[in-house]
Amino acid sequence: MTLEQFLSQYGLIALFLLATVEGDASLILAGMLAHRGVLSLPAVIVAGAAGNFVGDCAWYFLGRQARARLRETAIYRRAGPWIERVASRLGSWQLLLARVVYGTRNASMVFWGQAHLPFQRFALTDLLGCFLASTGFALLGYLTSQGVEHLLGQVRRLEVGLLITLVVAAVVIAFMTWEVKRASDKTDPPETGPAGGG
């Protein structure tokens, strides 16, 4: 049974389950099925985002419980240094970037779990990322359903383009923040020492 047949036969439950472990190809195919009228596009977006979020929470809590062992896994050794560098600059907004950088999603959830990011903050940021990614991939499938087989081969290129856009935006924001801070430092009055007694 192909992925498309599985989604056609079991619908949104299948999409939810698939999205807990993989949220790109399954959402594109579900968007294509929505275009054919097999599934509802809004329901595809919600089911995909919910599945992504449940999977992310599982990795987050795993990161909180098994910190030392997970940091030694191959996936974390490969993606961990990049995640840590980006997280030191963007904070928990790195979770949004993990949606479009292939191979960093699960390792990012582990990182934030082991870093003890408060769950409420994790959940709010990750839910935003899940809905943005789910909407983007489902619409991609919906709008390009005729050439989806060819499109799946192009998904990785799209992720690179999105990454470049996000990196450029992050650099611009960081530069603007630095400029504002520098201008603020120049305009602050010099500190005066305590008045001397006679």
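Quick notes on this structure:
- For region 44-52, the condition holds for at least one residue, the condition being that it is surrounded by fewer than 20 Cβ atoms within 10 Å (Cβ to Cβ), at pLDDT 80 or above and of a type outside the set (Lys, Arg).
- Consider region 18-62 and keep the residues that are part of a loop (DSSP other than H, G, I, E, B) and among the charged types (D, E, K, R). The one that is farthest from Gly136 (Cα to Cα) is Arg36.
- Counting only helices (runs of 4 or more DSSP H) that sit completely within region 67-108, those holding 2 or more residues that are under 16 Å from Asp56 (Cβ atoms) correspond to 74-90, 94-97.
- Residue, nearest to Leu117 (Cα to Cα), within region 52-88, restricted to residues that are touching a Gly at 6+ places or on another chain (Cβ under 7 Å) and of a type in the set (Gly, Ala, Ser): Gly63
- Pairs with Cβ under 8 Å, 6+ apart, first in region 30-58 and farther than 14 Å from Leu18 by Cβ, second surrounded by fewer than 17 Cβ atoms within 10 Å (Cβ to Cβ) and among the small types (Gly, Ala, Ser): Ala34/Ser40; Cys57/Ala123
- Count - residues of region 85-113 that are farther than 23 Å from Gly136 by Cβ and exposed (fewer than 15 other Cβ atoms within 10 Å of the Cβ): 3
- All positions within region 1-29 that are free of Cβ contacts under 8 Å to residues at least 12 places away in the same chain and within 13 Å of the chain's Cα centre (by Cα): Glu22
The values are calculated or read from the model by the stated rules, or taken from the named source; none is laboratory data. Fair warning: this is a prediction, and the values are worked out from it, not measured in the lab. For neighbour counting, all protein chains shown are included, and Cβ atoms are generated from backbone atoms with ideal geometry for every residue, glycine included.
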